[in-house]
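Report on one structure; see the data block that follows.
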Amino acid sequence: MSAETKTPSSTLKARLPRGLVDRDADELAATDRMLAAIRQSYALHGFEAVETPLIEYTEALGKFLPDLDRPNEGVFSFQDDDEAWMSLRYDLTAPLARYVAQNYDALPKPYRSYRVGQVFRNEKPGPGRFRQFTQFDADTVGSASVAADAEMCVMAATTLERLGIGRGDYRIKVNNRKVLDGVMEAAGLGGPDQTDRRLTVLRAIDKLDRLGREGVQALLGPGRKDDSGDFTKGAMLDGGATADETLANLSRVVAGSTRGGEGVAELTAITTLVAATGLGDDQVVLDPSVVRGLEYYTGPVFEADLSFTVPGEDGRPVRFGSVGGGGRYDGLVARFRSDPVPATGFSIGVSRLFAALKAVASPVVAGTNRVGPVVVLVLDRDELPHYQRLVTQLRMAGLAAELYLGGAGMNAQLKYADKRGSLCAVIQGSNERQAEGGAQVMIRDLVLGAELAKSTKDRADYLQLRQKAQFPVLASGLVEAVRAVLARHSAGGAPA
């Protein structure tokens, strides 16, 4: 057996790590269109782009500070050569807080920015739970005004509609951490001596691990009966038929709590500001059951919830649910500074929103078939420099073009161009190069070529179709001829 021969045992098994996914070119192209629409929406609201690295010092992430020799709970971490712990970011908010604190004096205040990028969670993967995924965030740092929170709700609603989620298929649900604190006070869990018990309750609500969302909503509302039959009285945070009814219910529940009263006042202001934009209370709605990030959110919290149904894993219809959320986090930037820095933001889960847009057949992600590049075939290997000049000519004219670099013959090269999604191929053999009257190229319309292959010679337009499917032009007219074929199929010069 030669040294080059591999035994079955020496061949690596191609496998993807758990909790990660591969994405093909069609999905990437559709995702890019979705992200472009979100960027346009955020820019329309006056937010500017910023980018932070994938890696931060572990201590800067805040939520997962190292309490052992290795900070491996929730994040992927490693030790630098100076023995400092570093981690892959688990969200885009903590890096923003570090960036703002580091560049505070140079930034305009309030600082309005958006970011899109991959984040990483060192958690057990499961259905719909990945270790690497993309988020798209927008934040306003440096404004304590409740108008900044209202703007996040409005921008979330208008962005969903721009993406093709129709009115009635979504709701931006709003609650306030201060209202929940008011409920804790009314339940006798207020004050500094009750901090641990209060956080235990809030964490239980936030994680939803044991009861699930329906169980938590029941506890925040009329109450819940567990499996043993015991009934636990709820907080009676009932949502009313209108925003005014909901506010009245909340005011009653938090009566006597200063912090709870502040929360109700902020929700009242958000309702008024949202109404001033023309959005209805079926688009941005007060919902006391919304619970998010209660360890670091300090005021209003919001969630983008999609109400339409999709088939579940068992084939039964299930409500699509949340595709993003956010809230006010006035304490996060202050970790790096001695003075408080108010902030509020909204985050979109890109993969989940992409799945939602596919479910409603949004035109933003529909028609994911890409237009591949023009393929210049290579029929004479000794003439590669000449073929390279042809493909360069197309590229210089702004047309996406590719020189075939494989070793197959002409028919296989045309099949390759079909597989690439190309609309047009350029063919030149020795006969075309040496044609009387000047060098020529053959232009192959691959769309009409496929139609021709399926047709019969009995068609009245067969000859005309064949002439359009493949025709010679002078090499000097290459660009114009290719443009004509692409225009025939409404394609631009660059692939999607």
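The values are calculated or read from the model by the stated rules, or taken from the named source; none is laboratory data. Since this is a predicted model, take the numbers as computed values, not measurements. Note that we place each Cβ from the backbone using ideal geometry, even for glycine, and neighbour counts take in every protein chain shown.
What number of residues within region 81-131 are crowded, with 16+ Cβ neighbours inside 10 Å and either of a type in the set (Val, Ile, Thr) or touching a residue at least 40 places away in the same chain (Cβ under 8 Å) (or both)?
24
Within region 363-382, how many residues are without any contact (Cβ under 8 Å) to a residue 24 or more places away in the chain and over 35 Å from the mean Cα position of the chain (by Cα)?
Final tally of qualifying residues: 2.
Taking into account only those residues within region 355-382 that are in a helix (DSSP H, G or I) and assigned by TED's automatic domain parsing to the domain that holds Phe133, which is surrounded by the most Cβ atoms within 10 Å (Cβ to Cβ)?
Only one residue tops the list, namely Ala356.
Please identify the pairs in which a residue from region 9-24 that is under 23 Å from Gly128 (Cα atoms) has its Cβ atom under 8 Å from the Cβ atom of a residue that is modelled with pLDDT under 90 and among the aromatic types (Phe, Trp, Tyr), counting only partners at least 6 apart or on another chain.
Note: pairs meeting the criteria are Gly19/Phe130; Leu20/Phe130; Val21/Phe130.
Residue-wise test of (1) closer than 20 Å to Glu383 by Cβ; (2) exposed (fewer than 13 other Cβ atoms within 10 Å of the Cβ); (3) acidic (Asp, Glu); (4) at pLDDT 90 or above.
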residue	(1), (2), (3), (4)
Tyr404	yes, no, no, yes
Gly409	yes, yes, no, yes
Lys419	no, yes, no, yes
Thr456	no, yes, no, no
Leu465	no, no, no, no
Gln470	no, no, no, yes
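What single numbered condition from (1) more than 24 Å from Gly331 (Cα to Cα); (2) at pLDDT 90 or above; (3) crowded, with 17+ Cβ neighbours inside 10 Å; (4) not basic (Lys, Arg) fails to hold for Ala14?
Against the list (1) more than 24 Å from Gly331 (Cα to Cα); (2) at pLDDT 90 or above; (3) crowded, with 17+ Cβ neighbours inside 10 Å; (4) not basic (Lys, Arg), Ala14 comes up short only on (3).
Of the residues Gly315, Gly325, only one is free of Cβ contacts under 8 Å to residues at least 60 places away in the same chain and assigned to a loop (DSSP other than H, G, I, E, B); which?
The conditions single out Gly315.
With a cut-off of at least 2 residues that are without any contact (Cβ under 8 Å) to a residue 40 or more places away in the chain and under 42 Å from the mean Cα position of the chain (by Cα), name the strands (runs of 3 or more DSSP E) lying wholly within region 383-494.
401-403
Taking Ala94 and the conditions (1) of a type outside the set (Asp, Glu); (2) farther than 18 Å from Phe346 by Cβ; (3) modelled with pLDDT under 95, which numbered condition does it fall short on, given that it satisfies the others?
All conditions are met except number (2).
All but one of (1) over 22 Å from Gln283 (Cβ atoms); (2) touching a Leu at 6+ places or on another chain (Cβ under 6 Å) hold for Val318, so report the exception by its number.
Among (1) over 22 Å from Gln283 (Cβ atoms); (2) touching a Leu at 6+ places or on another chain (Cβ under 6 Å), the lone unmet condition for Val318 is (2).
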